[in-house]
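These notes are about the structure you will find just below.
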Amino acid sequence: MKGSLMALSLFAATALSFSAQAGLWITGDIRGALLPCFQCLETSEPGLARQVGVMRDKADEGIWLDAGGFLDGGEVDRLGLEASLALADRLGIQALHLTWRDVSPALVEALSGSSPALISASLVDGQGEPLVPASLVVEQGDQRIGVIGISGVPPEYRQLPAWQSFGELFRLREAGEALNDALDGLPGEVDRVVVLYAGDHGILRSLIDQAGERVDAFVMGSGFGNLYSVPPEGVIDARSQRGRRVTWLGLPDLAPDYHPVTLSAPVNESVAQALESAGLRHAPPAQESRPGISLSTDSDLSPPFAAPLLLEQDNRVMGMSVLGIETHTEWHGEVVENGDAYLVLDLLFENRKPFDLILQDSGQRALKVGNLHQNLVLLAGGKTHAALNRELPGDDLLPDTFELPQPGEVRRGKVAYRVTGTTSGSMSLRYYHGEYPPMAATIQEAEQPSWVQREVDLQRHPFLELGIANLQELDAGQLSRPADDRRVVAMDLLGRSQLTRTNPANHHDGDADPEATVETPRVVPYLYADLHIQLVSSDGYVYLPDWEFSDMERIPTFLPDLLSGGQLVFSLPEAVEDYRVSLYFPNFGTLTEGTQGFPEPMFFGENAEDFAYQERDTVVDFGLEQLRVRITDLERTEQGLEVEVEVFNETDGPGFWPMESRLGITSSTTQRRVTPSAITDPHGTPLAWNAHLPPREPRRMRLHFPLDEPSGEGLIDVRGLADNPSRPIAWDVDQVVVE
């Protein structure tokens, strides 16, 4: 088979080849992916039978050339080189470029068997003799096309492990020299010259400059180094993404036309029969999956607890495995209290990014596993729990965000959650990537909470739907600690995410058109929920959830595919009768990757629709920029002064207006400004210094000022953004007066 030129006149071919048409079919970088897969996951390669099916399905059939990488791995390793070359010949490949990727010690013996025409101007044996012809000429109608095979690999190729094992069996000629000799060896009467290339982009650029007008088209069949990077401008990229597309070069202009090959593409039955005759089943046997290991429904997770698990989930780009579970009351010196526990999962993540998405992503092979705190959600008993890895110590914990640089790379580590020590019921781990389908692994099967099965009256905005259910008062026996003679109101806060991100459709489905789009569901954390969720009395006093009684996290996460939530508990004075539960929201721009307004609040409760604030007479009105503060009552107490204020947010959006030092009293004697020592309701219940202040709603609070002087005078002032208005104030042991 040694020589420099072969001629193929292909006006008629075997039953598996193509009728003569004005064009060339090019495959490349198949890398042994021969089998079409009827029963495999969407990440499987479509296979040669489907590639040929696509070719046959098009009217413009022609000569089939493989641009390189056909013999590199896959089913070729199972068949052996000689049988694989014979199969390629039977399938109808008229010529195959033998590249630096396709060589092995078995190649020399395989060359003596049946095969398509093999070409390479670069490969030589240990004595420098060509292994196969450098080029060939194919004929299509009145067109004669010279085809040359070149491998352009840096001199360091001999340091590659495979080439070190070859010893002196093979060598590669310098690419420029090999191309010159091959061009000189072509007959002068060819109409077009095509170079099938495999290798480095930098070397390819130099070859393009060197060849000038002597070459009509350079066709990239396989790469070197970063296999998925984009070739130089003007080069025809015929890499078939492990069989996911074929390239048509029309004659005489050699313009490329790419045809996708998907798992739904037609199968050429004669090719399928050839594969089976060679010992390859085109419908591969069902692979044995490892039996999963999950927790039994009666598992007691009270710490200390440990058990192995095997739960495997995947989507188009990644795999997630849960390999173990343990619970602790202490983690690297961090101790939990109130009967809670750390639940720690042993996890493994794998980069499975397929070729088509790598190419679509400009050659980016890395997979980012990001923001575990928000996106890796433990759902236990209908309640969501956020990962704590960025808050807890421990080298064995996974980082909150990390990368898997290459397909096939894995990373194993632990992820910790804080749960109640008596956690029971259904449990699952759910990962929501912003671009790819969610994954969910069921750790423990159990009956879902009652709210999952029943209809809940939900209110909606573009990112969340929320509802309040089971509003009730609790008695002392239902609480984990004494309520100190206070009224305790409990309710279930339930919600579901409405947030999605628009992505290319092939992020979800390998057969989808990448120009189409799909909505990927995302989680929504209820940011600042501990300040945005309020029980508001008709007097305008605000009570925030009592988180020692409540069983929700302070920033609960809501899922797109399940209703989740938990119990909120408020501690109120017995005298509070009329109230409503108000849910306010932050600007979701940080979550939605864009500027968003503030969603309208939601109101719940038996009297929510008829709810009205009780008005007060104004004693002093301080008008500030964006904020109005009204004093509605002043009382002299044994400790000092008690001032009831009514605060209005006069902007169009919500905000937080700290009241800790906004009002002050300055004595004319000491010239010292005194700020409140406490903020309460009329019944002495402590209130938050910095609760969310919505627009157009008054908020009342009583500020307690300590005074050392039995009587005196001075100024009461309010500090604003632009000015600090004040009024004279005087007091004695019985009363206080503001002018």
If the Cβ limit is 7 Å and pairs must be 6+ apart or interchain, which residue in segment 677-696 that is under 14 Å from TYR541 (Cβ atoms) and outside the structural domain of PRO545 (by TED's automatic domain parsing) pairs with which residue that is polar (S, T, N, Q) and surrounded by fewer than 19 Cβ atoms within 10 Å (Cβ to Cβ)? PRO686/THR680; LEU687/THR680
If we scan segment 304-323, do we find a residue that is closer than 30 Å to HIS507 by Cα and of a type in the set (Gly, Ala, Ser)? yes
When segment 544-570 is examined, which residues are found to be surrounded by fewer than 22 Cβ atoms within 10 Å (Cβ to Cβ) and hydroxyl-bearing (Ser, Thr, Tyr)? SER550
Examine segment 642-661 for a residue that is farther than 22 Å from SER538 by Cβ, of a type in the set (Ser, Thr, Tyr) and in contact (Cβ under 8 Å) with a residue 40 or more places away in the chain, and state whether such a residue exists. yes
Report yes if TRP64 is at pLDDT below 85 and farther than 30 Å from GLY319 by Cβ, otherwise no. no
Does at least one position in segment 124-131 carry a residue that is assigned by TED's automatic domain parsing to the domain that holds ALA67, outside any strand (DSSP E or B) and in contact with a helix residue (DSSP H, G or I) (Cβ under 8 Å, 6 or more places away or on another chain)? yes
Within segment 630-637, can one find any residue that is touching a strand residue (DSSP E or B) at 6+ places or on another chain (Cβ under 8 Å), surrounded by fewer than 19 Cβ atoms within 10 Å (Cβ to Cβ) and acidic (Asp, Glu)? yes
How about segment 104-148: which of its residues are touching an Asp or Glu at 6+ places or on another chain (Cβ under 6 Å) and of a type in the set (Ser, Thr, Tyr)? SER114, SER115
Enumerate the strands (runs of 3 or more DSSP E) found wholly within segment 610-712, keeping only those where 1 or more residues are within 26 Å of ALA529 (Cβ to Cβ). 627-636, 640-649, 678-680, 699-706
Residues in segment 701-725 that are of a type in the set (Lys, Arg) and either touching a helix residue (DSSP H, G or I) at 6+ places or on another chain (Cβ under 6 Å) or at pLDDT 90 or above (or both) total 1
Would you call LEU96 outside any loop (DSSP other than H, G, I, E, B) and touching a residue at least 40 places away in the same chain (Cβ under 8 Å)? no
It is to be established whether one or more residues within segment 376-392 are surrounded by 18 or more Cβ atoms within 10 Å (Cβ to Cβ) and of a type in the set (D, E, K, R). yes
Strands (runs of 3 or more DSSP E) contained in segment 506-609 and holding at least 2 residues within 29 Å of the chain's Cα centre (by Cα) and of a type outside the set (S, T, N, Q): 517-521, 564-572
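The values are calculated or read from the model by the stated rules, or taken from the named source; none is laboratory data. Given the structure is predicted, the values throughout are model-derived calculations rather than measurements. Cβ sites come from the backbone with ideal geometry, for glycine too, and all protein chains shown count toward neighbours.
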